[in-house]
1. How many residues does the stretch 131-150 contain that are crowded, with 20+ Cβ neighbours inside 10 Å and either in contact with a His (Cβ under 9 Å, 6 or more places away or on another chain) or small (Gly, Ala, Ser) (or both)?
2. If I ask for residues that are in contact with a Pro (Cβ under 9 Å, 6 or more places away or on another chain) and not in a strand (DSSP E or B), which ones from the stretch 221-239 would you list?
3. Within the stretch 274-308, take every residue that is in contact with a Phe, Trp or Tyr (Cβ under 8 Å, 6 or more places away or on another chain) and over 19 Å from THR372 (Cα atoms) and give me the one that is modelled with the lowest pLDDT.
4. Could you tell me whether the stretch 373-381 includes any residue that is without any contact (Cβ under 8 Å) to a residue 24 or more places away in the chain, surrounded by fewer than 14 Cβ atoms within 10 Å (Cβ to Cβ) and not in a helix (DSSP H, G or I)?
5. If you check GLY172, GLY134, GLY162, which single one turns out to be modelled with pLDDT of 95 or more and on the phi > 0 side of the Ramachandran plot?
6. When residues of the stretch 312-324 are filtered for being under 27 Å from the mean Cα position of the chain (by Cα) and crowded, with 17+ Cβ neighbours inside 10 Å, how many remain?
7. Can you pull out the residues in the stretch 202-230 that are crowded, with 24+ Cβ neighbours inside 10 Å and β-branched (Val, Ile, Thr)?
8. If you take the residues in the stretch 233-269 that are within 18 Å of the chain's Cα centre (by Cα) and within 22 Å of LEU322 (Cβ to Cβ), which one is surrounded by the most Cβ atoms within 10 Å (Cβ to Cβ)?
Amino acid sequence: MVYKGGKGPTVKLAADGTRHEVAAEPPTAWPSTTGAGDAFAAGFPGGPSRRCLPGWRWPPAASAPGTGCATSAAPPAVLASAVMLTISPEVADALASSRPVVALESTVFSTLGLPAPANAEALQRCLAAVRRNGAVPALTAVLDGRPCVGVAEGDHERILGGSAKVAERDLGVAVGLGWEVGCTTVSASVALAAAAGVATFATGGIGGVHRGVELTGDVSADLDALARHRVVTVSAGAKAFLDLARTLEDLETRSVPVLGFATDDFPAFYARSSGLRVPHRVEGAAAVAAVARARWALGGGGLLVANPIPVADELPEEADALADALAAAEAAGVRGAAVTPFVLGRIAEATEGRSVPANLALAEHNAAVAATIAVELARLA
């Protein structure tokens, strides 16, 4: 959290490329600890690389070397913690200068998402799509126990080989236990983006209400994250194996606006239409930005932008493959987080690998659209 009246830590780069944070100037008054982290200012003077996570205080006294977070409690109610949000220099600089930034999850680029080498190709295409459309990409992950917004290129291989999934509920576990690599899901990515002050996020498809929820109670934490955090999420609808009608109803219950991006239909990942209508249609990024600004001014949370897969990449045979994959999952007793990789793997087999290029295309397309929205949001700032 940025504290008004004080000067945040600045980062200096030594000749060998190492980073050194200098002490912060104290603010005139201690801020409340009740903030959710979504109201971060654009950035610290000097472009810091770290901020405290939401709900934690950061008194500038007795800062631990190289961290910027206090090791002693002053005043008494302060939580002394060296656990902080790590923001890459490029992302920190963009935020400090109010330039557009797009957050990306890391699960889709790991072994949990796409098979190699498609995962590496997907990462490069998404990063390039964000830059090509005028924004700075901010890959999210937990690395060496640090929650990161923006990952250095040298750490990309660690993401590609990652095998531990981190949802928002798991962030404290991954940080507290010092996980080497934690690949963020939608919920964790949205939470970290909001904490960093990044207002736009792109993913392939969100989680939602699972089929048979009346028996299992299985509802993705993605929906709660979308409702609570002030972030625009761009996706190709929800994953097709979910109960999409109930997912839309749940989003309505949580007061999450669903905007069809130049479409009247709610997409179903590989399919441009699920047969369900979206509540609202918008024709471009400027309209999304205007809705987001109005929603946040009225005290609302996040928004979902439903962006269909490009026409040329749609999989017409996906419906039959999905039905077979779901039947196989049920027969094998696959539940919870294991459903996504199981079903996607079966669909890839059934479509003879054609689902993988489709997955890459929709992820790249969502990253590009998210970047145009981030640009429009920056213009309204």
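1. Of the residues in that region, 5 qualify.
2. ALA236
3. Going through the qualifying residues, I end up with SER274.
4. No, every residue in the stretch 373-381 fails to be without any contact (Cβ under 8 Å) to a residue 24 or more places away in the chain, surrounded by fewer than 14 Cβ atoms within 10 Å (Cβ to Cβ) and not in a helix (DSSP H, G or I).
5. The unique qualifying residue is GLY134.
6. Residues meeting the conditions: 5.
7. Of everything in the stretch 202-230, those that are crowded, with 24+ Cβ neighbours inside 10 Å and β-branched (Val, Ile, Thr) turn out to be THR203, ILE206.
8. Out of the qualifying residues, it is GLY237.
The values are calculated or read from the model by the stated rules, or taken from the named source; none is laboratory data. Just so we're clear, the structure is a prediction, and the values are computed from it rather than from any experiment. Cβ atoms come from the backbone with ideal geometry, glycine included; neighbour counts cover every protein chain shown.
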